[in-house]
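The values are calculated or read from the model by the stated rules, or taken from the named source; none is laboratory data. Treat the numbers as computed from the prediction; the structure is a model and nothing was measured. Cβ placement follows ideal geometry from the backbone for every residue including glycine, while neighbour counts extend to all protein chains displayed. Quick note on the areas: whole protein, heavy atoms, side chains included, nothing else; ligands and nucleic acids left out. Shrake-Rupley method; radii C 1.70, N 1.55, O 1.52, S 1.80 Å.
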Amino acid sequence: MFRTNLKIAWRNLIKDKQFTFIHVLGLSAGLACVLLIFLWVHDESGYDKIFANDDRLYQLMERRTYDGEVNTSEASSGLLSDAVKQQVQGAEYTAAVAPAGWFPKYTLSSGDKNIKASGQYVGPDYFNIFSFKLIEGDKNKILENKSSIVISDELAKKLFGTTENIIGKPLRFDQDTTFYVSGVFEKIPEHSSQQFDFVLSFEYFKSIKEWVTRWSDSGPLNYVLLNKGTDLNAFNKNVADVITFNTGDSARKVFGTRFSDLYLHNNYGNNATSEGRIEYVRLFSLLAIFILVIACINFMNLSTAKASRRLKEIGIKKVVGAGRKQLIFQFLAESLLLTLGATVFAVGIALALLPAFNQITGKQISLHFDTTIIIYFIAIILCTGLLAGSYPALYLSKFNPLSVLKGKLNTSVAEIVSRKGLVVFQFTLSTILIVAVMVIYQQMQFIQNTEAGYDKNNILRLSAEGNIRDKEEAFIAELKNVPGVANASSTYHQIVGRGYNHGGGMEWQGKDPNSDVSFDVFEVDYDFVETMGMKIKEGRSFSRSFGSDSAAIVLNETAVKAMRLKDPVGKTIRRFGKNIQVIGVVKDFHFESLHESIRPGYMFLWPGGTIVASVQSNHQRQTIAAIERLYGKYNPGFPFTFNFLDEAYQKQYDSETRISALSKYFAGLAIVISCLGLFGLAAFTAQKRRKEIGVRKVVGASVVNITTMLSKDFLRLIFISLAIALPVSWWLMSNWLQGFAYRISLAPYVFVIAGISVILITLFTISFQSIKAAIANPVKSLRTE
Amino acid sequence: MIRITHLEKVYRTDEVETVALNKLTIEVKEGEFVAIMGPSGCGKSTLLNILGLLDDPDSGSFMFNGIEVAKFNERKRADLRKRNIGFVFQSFNLIDELTVFENVELPLIYTGVKAAERKKRVEAVLDKMQIMHRRNHYPQQLSGGQQQRVAVARAVVNNPKLILADEPTGNLDSSNGNEVMQLLTDLNEQGTTIIMVTHSEHDARYSHRIIRMLDGQTVLENIMV
């Protein structure tokens, strides 16, 4: 029986190539899309789950409550880890980390080899907590010494040409400090959110950065590996007051949160509605389901529409003895088979699209068939096949064989409603996607065009390393003389992204004793404000013409507001026990992404870190070449690297840019699939009404009359879709925009455009079939009756 | 073999109630060849559907081989049908996607006959109907007469006790029509009971008895000699 059914199914497919093509194409496109999204979600969910002690690995977070406002951050004091290890039960290992992201790439040298590499400073138990594989060295001892450096095998090969017998070998660090190799680790796996080429000891970092040894200053990340069997809740209860215990500040609480969760859930509820990457994982999973459902609906619609052509077969089978169960089975099997075929195509499509997809998502996903993927695959095929086949199977098998054989297909009201309901559902989803694409695009444009408060274009950055660090003033002076360089300065702040910040330590007249302000600190050189093109609102910026500027600060507008200062310029503030004077107020600028509101911040003179230069946009290549020569003069043996600030600025919106690009494709795909379905359905309707159309024409209907008649029914469905989709999309997109502190307001014309485009797309899609039916010779259609 | 008593079937739409069978009583003995005649709308097709277990009556009794089947559910009816009844239609009703052989094979598949046995039986019946040489053709490649012979072959391949024929010659020219009638007569002579609905007096003369119907009732019975 199976073979007979297979034969019938196959011959049916071949006979009606257009239909089959639409059937399979729609489903394949949907499946390909689902496959890509699935691979992406699979990849995203795999981050940071690579560690052996994943279930015991926690990051310590700090929650501050000032003025009733709760701020949770992964940044805390550099002293936290040691305090937790000594004072709190349940912690097997702890480690403070100054992450690689804070620093420019350092130059490591061995012999005549100079390599730029990124590194971080970590506490001695780091490798006990994170199970990165050590090729050389004892994980308990490799960071015991302040002069230790642990490097990756990749870096070792670049510097020494080998990973063997290099323990104890010296490495010059930025040409001025020497560290000794104490261990070699295997290249950090791709699915680790921490990426670095080498590590130095946190103890060393403490010795060069005094602020790290203060409780009041935040920045370092702290990790803990709990003892086996330690209950997180019990641990959190114990760890909560560790800062209070050491400082007396009861506004700061500590808690541990699972490290591997943080990659996806990287927002800890700072009043923002965004929950981090998990939102996009959810969003795209939902999108995948939607697209699959749309594709399945197509399948159902086309199958049932096609039913009229197979009624005879069903009738005959019933007459000669087929039961309903057998028929249901037949149609489900057929649908599964078609899904299987579509899946083969889908894999092909996905493979073809994967390079482009990787480019958009910034990933290196490959299609490899491990057990998980195969299991999910089979599940997807089964679900799709059964879902897509269920309706036609139930629908077709229930007909009375006689009416079927006489060609009478009594369509019940329920059937009409359900078939139309399917079309409405499809177009509702498509409309929502169109609106989403437009709103996301507008918000991205808004981000691009929002004034950052500084000139983000044409700011070149290079590390103040080696001899430049010691002779910075001379270097900057020479740099300013390079033709094409308009101005230059230096700063320790990355400008985009959070730097180090502190609450406490600042006292001023009129300060509310019960509340505190947390400040972001910008350590800058002279001319920073001018180089960056920032605007001074009141007072002045740092200037060499005033001798006392080493005890001066410049506040941002938000800081003035938060401190409730009137006429701030000239006021004296005590900063860590020293008097300093406010010399100016800089207009607010965005030093974090537009997701975040601008926070209080101040600048004070502390040259070094990163050199920033504003370069003219013409002859940029010559200018950069001249800067490289100047750099080489100061730092022979250092590779010259630089970047432009706008790259870093753009990087803040990486995920949004990707979402924007991806949603465009997926929305396009959803529309194409929906249209394929509509096309098929229009063809079916036209065919079913052939006789009616013939009669109408004979009695005088024009082509326009007929076309209008056929289009009207579909348009009614589209209007219903719009009525549902527009409010829903408004609600969805308002929610999405809530995640941005700075956002566009939803313009009504977006919805109008979305609505009109859906109507036009519909008309275009069905016009082929309507016009074809309308211009057909009525004699033909009437004769065949 | 068949005894129906006071059988009623009413079709209802929102506004109209049509009585298709009005307390109809008929008996057909095993081995009989009965023709049912009457004008359009007299209820002959409804009767044939009920006799063929494709439809159920509203009330009355329907004994098939001594079993009351009027209240059988769909599954039971389908089971009884595929073992006992063969159908021949005016419009042949062959599946276009299947070859002659495959069309005839279909009922055997549904009664669970093994492949080798199926092949034997299909070939035997195709031989008998003289269309063996067309076994690999598709229905649309055959003439009307040939198609109807395939349909008859399909109806008899399961050795049914009863063949129901609904205007079997309606779509055929007279010589093809006569051939099909001869086939049915031969089958009847070999013991198969045949009930045939027809408009053609000529065809009706092949039967043993003509039941004439009007408005859902029998009005006359002619015994053919």
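General remarks:
- Compared with the alpha-carbon gap, the fully stretched path from A:GLN89 to A:THR257 is longer by 58.9 nm at 0.36 nm per residue.
- With all protein chains modelled, accessible area of A:HIS265 [1.4 Å, Å²]: 70 Å²
- Taking every Cα-Cα distance in region A:449-573 and sorting them into 5 Å bins starting at zero, the pair-distance distribution P(r) comes out as 2, 8, 16, 21, 20, 15, 10, 5, 2, 0, 0 percent.
- The alpha-carbon atoms of region B:126-183, seen along their principal axes, cover 29, 26, 17 angstrom, with the largest extent given first.
- Surface/4 of the Cα convex hull for region B:29-100, nm²: 6.8 nm²
- Whole-number D in µm² s⁻¹ for region A:612-757, Kirkwood Cα-pair radius fed into Stokes-Einstein, 10 °C, 1.306 mPa s: 73 µm²/s
- Column: log10 I(q)/I(0), Debye, Cα scatterers of region A:52-121, q = 0.12, 0.24 Å⁻¹: -0.54, -1.11
- The mean number of partner chain beta-carbon atoms within 10 angstrom of a residue's beta-carbon across peptide B:155-167 is 1.
- All-pairs alpha carbon distance profile, region A:545-641, 10 Å steps from 0, percent: 13, 30, 25, 24, 9, 0
- Annotation: lysines with alpha-carbon distance below 17 angstrom to A:LYS209 (same-chain offsets under eight excluded): A:LYS146.
- Over the C-alpha trace of region A:165-226, radius of gyration and Dmax come out as 14.7, 43 angstrom.
- Restricting the calculation to alpha carbons of region A:86-149 gives Rg and Dmax of 14.2, 49 angstrom.
- Where labels lie 7 Å past Cα in the beta-carbon direction, separation of B:ASN178 and A:LEU232 in nm: 9.3 nm
- Given a 1.4 Å probe and the protein chains as shown, A:TYR749 ends up with an accessible area of around 120 Å².
- The residues of chain B have, on average, 44 Å² of accessible surface per residue, using a 1.4 Å probe with all protein chains present.
- Using a probe of 1.4 angstrom and keeping all protein chains present, the accessible surface of region A:10-130 works out to 35 square angstrom per residue.
- A straight Cα-to-Cα reach below 18 Å connects A:LYS456 with the lysines A:LYS535, A:LYS587, A:LYS651, residues fewer than 8 places away in its own chain not being considered.
- Shown for chain B: lysine pairs separated by 8 or more places, or found on different chains, whose C-alpha atoms are under 22 Å apart, numbering 28.
- Placing A:ARG629, A:ARG716, B:ARG81 in order of accessible area, with the largest value first and a 1.4 Å probe, yields A:ARG629, A:ARG716, B:ARG81.
- Shielded by partner chains, region A:1-36 residues - at least 20 Å² of accessible area, 1.4 Å probe, vs chain alone: A:MET1, A:THR4, A:LYS7, A:ILE8, A:ARG11, A:LYS15
- Working note: 222 nm ellipticity from helices only, DSSP H runs with n ≥ 4, each -39,500 (n - 2.57), summed and divided by the residues of chain A, gives -17000 deg cm²/dmol to the nearest 500.
- Surface share of carbon and sulfur [accessible, 1.4 angstrom probe, percent] for region B:109-182: 45 percent
- Normalised per residue, the volume of the convex hull around the Cα set of region A:699-759 (Å³): 72 Å³
- Within chain A, DSSP assigns beta bridges of which about 80% are antiparallel (rounded to the nearest 5).
- Note on the protein assembly as shown: the C-alpha convex hull projects to 55.7 nm² when averaged across all orientations.
- Where chymotrypsin sites (Phe, Trp or Tyr not before Pro) fall in DSSP loop in region A:543-634, at most 12 other Cβ within 10 Å: A:PHE546
- At 0.692 mPa s and 37 °C, Stokes D of region A:3-112 from Kirkwood alpha-carbon radius, µm² per second: 155 µm²/s
- Heavy-atom accessible area ranking, 1.4 Å probe, most first, across A:SER490, A:SER131, A:SER548: A:SER548, A:SER131, A:SER490
- Over chain B: Kirkwood hydrodynamic radius from C-alpha pairwise inverse distances, Å: 18.0 Å
- Element breakdown for region A:142-241 at a 1.4 angstrom probe: carbon and sulfur atoms account for 45% of the accessible area.
- All aspartates and glutamates inside 12 Å of A:LYS133 as judged from Cα atoms, apart from same-chain residues fewer than 8 positions distant: A:ASP153, A:GLU186
- Note: relative contact order over chain A, using C-alpha pairs below 8 Å and six or more positions apart, is 15 percent.
- Rounded to 5, percent antiparallel among DSSP beta bridges of region A:81-181: 85 percent
- GluC sites (Glu not before Pro) restricted to DSSP loop in region A:104-179 with at most 16 other C-beta within 10 Å: A:GLU144, A:GLU164
- Rg [Å, one decimal], Dmax [Å, integer] - region B:119-225, C-alpha atoms: 14.9, 46
- When you filter the chymotrypsin sites (Phe, Trp or Tyr not before Pro) in region A:343-389 for DSSP loop state and at most 15 other Cβ atoms inside 10 Å of their Cβ, you are left with A:PHE369.
- Amide N of region B:197-216 lying under 15 Å from the label point, which is placed 7 angstrom from the Cα of B:ASN22 along Cα→Cβ: B:213-216
- Acute angle (nearest 10 degrees) that the helix A:620-634 long axis makes with the longest principal axis of chain A, alpha-carbon atoms: 40 degrees
- DSSP bridge orientation in region A:445-586 - percent antiparallel, rounded to nearest 5: 75 percent
- Relative pair counts by distance (%), Cα atoms of region A:142-247, 5 Å bins: 2, 10, 15, 17, 15, 15, 12, 7, 5, 2
- Listed residues A:LYS228, B:LYS161, A:LYS511 arranged by accessible area, highest first, probe 1.4 Å: A:LYS228, B:LYS161, A:LYS511
- Buried area at the B-A interface (accessible, heavy atoms, 1.4 Å probe, summed, Å²): 2300 Å²
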